[in-house]
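Every number here is computed from the coordinates shown, using simple stated rules; none is lab data. Every value quoted in this text rests on a predicted model; they were computed, and no experiment measured them. Don't worry about glycine lacking a Cβ; one is built from the backbone with ideal geometry, like all the others, and counts go over all protein chains shown.
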Amino acid sequence: MRITHIKPLSAATLALALTALLAACSNKEAPAPAATAAGTTAAASAKAPAAESDADQATSQKLGLYIECFNRLDSSAHESFTRYDVWVKDMKVGPVGNEPIVYGPSQIDPAAMVSCKKDFAQAASQAPAMAALDADGKVYFQTLDALNTVVQDAFTYYDRGNYKDDAFAKGKQLHPQLMERKQAFEAASEKFSDELDVQNDHMLEARMQKLEKEQGRTLPYLQMASMFRAKQLIGVVQADTFDAAKAAERQDAYEKSADELLAYATAHKDEAPMFWSGYVSATETYRKATKERIRRIRDNVAYTEGDKMMLKPGSDWMVEGSPGSATKAYNGLVEAGNSLHGMRH
């Protein structure tokens with residue numbers, strides 16, 4: 001599910017966006033409860049819906065704490081090794097001391113490390129309890145903190161040019177520590193990311209069902225359903241390899257959802273929010289990019305030598321049918337969706 005060294009805007013990012021959109025769109029007041037034959041008061045019979053709403057809000061707040069920090073920290077942690085990977089020719093060996101270009105790993109977002117330590121602790125202690133997620137989150141931050149300690153040491157060492165004074169002695173000492181802690185972090189990151197997806201999917205599906213029941217298949221529901229299908233699709237096609245048949249099924253589900261949304265918006269133009277045209281454009285871009293990605297895997301289309309030169313962080317999105325191309329289109333769709341959060345119903 002992960003692209004090595006770079007964590008793109010993930011499924012978790014989209015889940016957070018959808019949560020905000022749900023809150024913005026679900027603004028119809030609940031109908032007043034009817035009195036029962038046994039004479040139960042309206043106030044008493046209203047307690048169940050209120051409790052359900054409170055529980056739902058608590059779940060959103062807890063997941064929101066985890067998700068926001070994960071998105072800030074994870075990409076920073078993976079990207080910290082981008083420059084280091086460039087000049088260390090063999091990561092199994094480490095620096096040898098005669099490299100013409102030398103860069104240390106970049107710092108993992110210092111401000112996020114401080115604030116998210118508190119947020120992770122708060123999320124873990126906050127109801128509702130989510131045993132698997134809370135446990136995975138604890139391990140995630142522990143491995144990240146351990147990695148950050150060595151990364152910071154390496155950053156200072158290389159940034160100050162100290163390798164010029166000790167013939168790379170400390171650099172060679174730090175390398176195995178960096179690789180060991182990086183490996184532990186990546187395993188914890190993958191596990192935590194997957195569990196975040198599971199918990200968000202449960203919450204989002206329940207909320208979407210509720211929204212459809214209350215408002216029908218109108219614009220708020222259809223746009224959220226389409227974004228949710230887009231999330232499921234990118235979870236497959238951003239991998240280096242995947243089952244093309246499974247991906248095609250998710251592509252079909254996404255396109256049907258997107259087509260229903262666009263048809264509804266065309267027929268109800270007065271309901272379309274500001275920036276709707278941008279969202280439509282992003283939908284088409286994402287549709288094409290994921291189709292190209294699936295075709296490359298399905299037809300076993302090899303990358304050209306020119307493609308291979310571009311397949312690196314920062315330029316991989318320019319290669320047709322690449323994971324980076326699909327991910328960039330997905331990120332654009334998320335951003336376009338976020339711009340619609342202020343729409344009113």
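Quick one: compute the contact order of the range 82-237, relative version, from alpha carbon pairs under 8 angstrom and 6+ residues apart, as a percent.
Numbers: 102 pairs, mean separation 36.6, N = 156.
23 percent.
With charges set only on the Cβ (+1 for Lys and Arg, -1 for Asp and Glu), what does the dipole of the range 105-178 come to about its Cα centre, in debye to the nearest 20? Working shown, then result.
On the way: 7 positive and 9 negative charges, 29 e Å.
Magnitude of the dipole: close to 140 debye.
Beta carbons within 10 angstrom, averaged per residue: use that to sort the peptides 150-156, 247-253, highest first. Working shown, then result.
Working: 150-156: 19.0, 247-253: 17.3.
Sorting 150-156, 247-253 by mean packing, highest first, produces 150-156, 247-253.
Report the Stokes-Einstein translational diffusion coefficient (µm² s⁻¹, integer) for the range 221-303, Rh taken as the Kirkwood radius over Cα pairs, at 37 °C with viscosity 0.692 mPa s. Before the final figure, lay out each step's value.
Details: Rh = 13.5 Å.
It diffuses with D of about 243 µm²/s by this estimate.
Under the √(5λ) rule applied to the eigenvalues of the Cα gyration tensor, what semi-axes describe the equivalent ellipsoid of the range 267-345? Give them in Å, descending. If you can, show how the numbers build up before the last one.
On the way: eigenvalues 204, 35, 11 Å².
They are 32, 13, 7 Å, listed largest first.
Please quote Rg/Rh for the range 67-108 to two decimal places, taking the Kirkwood radius as Rh and restricting both calculations to Cα atoms.
Values: Rg = 12.7 Å, Rh = 11.4 Å.
Ratio of gyration radius to Kirkwood radius: 1.12.
Calculate the radius of gyration of the Cα atoms of the range 203-345 to one decimal place, then report Dmax, the largest Cα-Cα distance, as a whole number, both in Å.
That works out to 16.3, 54 Å for Rg and Dmax.
Quick one: go through the range 197-230 and flag any residue whose amide nitrogen is under 12 Å from the point 7 Å out along the Cα-to-Cβ line of D259.
Within reach of a label on D259, which here means backbone N under 12 Å from a point 7 Å along Cα→Cβ, the range 197-230 contributes nothing.
Mind ordering 279-291, 118-130, 179-191 by average Cβ neighbours within 10 Å, highest first? Present the calculation step by step, with values, prior to reporting the outcome.
Details: 279-291: 19.8, 118-130: 14.9, 179-191: 17.6.
Highest to lowest by the protection proxy: 279-291, 179-191, 118-130.
Cα centroids of the range 269-345 and the range 136-207: how far apart, whole angstrom?
Between the Cα centre of the range 269-345 and that of the range 136-207, the gap is 28 Å.
For H202 paired with V114, estimate the spin-label separation in nm (one decimal), with each label point 7 Å from Cα along the Cα-to-Cβ line.
3.5 nm
Tell me the Rg and the Dmax, in Å, that the Cα atoms of the range 180-219 produce.
When restricted to Cα atoms, the range 180-219 yields Rg and Dmax of 16.6, 52 Å.
Mind computing the radius of gyration and Dmax over the alpha-carbon atoms of the range 78-200? Å is fine for both.
16.8, 54
Among rounded, prolate and oblate, which fits the range 116-166 when a ≥ b ≥ c are the square roots of the eigenvalues of its C-alpha gyration tensor, a/c under 1.5 means rounded, and a/b larger than b/c means prolate? Don't skip to the answer; put the middle values down first.
Values: a/c = 8.04, a/b = 3.77, b/c = 2.13.
Prolate is the answer for the range 116-166, as a/c is 1.5 or above and a/b outweighs b/c.
Scale the Cα Rg of the range 116-274 by the rule-of-thumb value 2.2 N^0.38 Å and send over the ratio, two decimals.
On the way: Rg = 22.8 Å, N = 159, 2.2 N^0.38 = 15.1 Å.
Dividing the Cα radius of gyration by 2.2 N^0.38 Å gives 1.51.
In nm², what is the average projected area of the convex hull enclosing the Cα atoms of the range 181-267?
On the way: hull surface 27.2 nm².
Answer in nm², one decimal: 6.8.
Please list log₁₀ I(q)/I(0) at q = 0.16, 0.19, 0.20, 0.28 Å⁻¹ for the range 162-205, using the Debye equation with identical point scatterers on the alpha-carbon positions.
These q points yield log10 I(q)/I(0) values of -0.58, -0.66, -0.69, -0.88.
Students often forget the sequence filter, so: which lysines lie under 17 Å Cα-Cα from K291 once same-chain residues fewer than 8 apart are removed?
Candidates past the 8-residue exclusion: K231, K246, K256, K328.
I need the peptides 301-308, 214-221, 231-238, 319-326 ranked by packing, meaning the mean over residues of other C-beta atoms within 10 angstrom, with the highest value on top.
Details: 301-308: 11.0, 214-221: 17.2, 231-238: 23.8, 319-326: 22.2.
The most tightly packed comes first, giving 231-238, 319-326, 214-221, 301-308.
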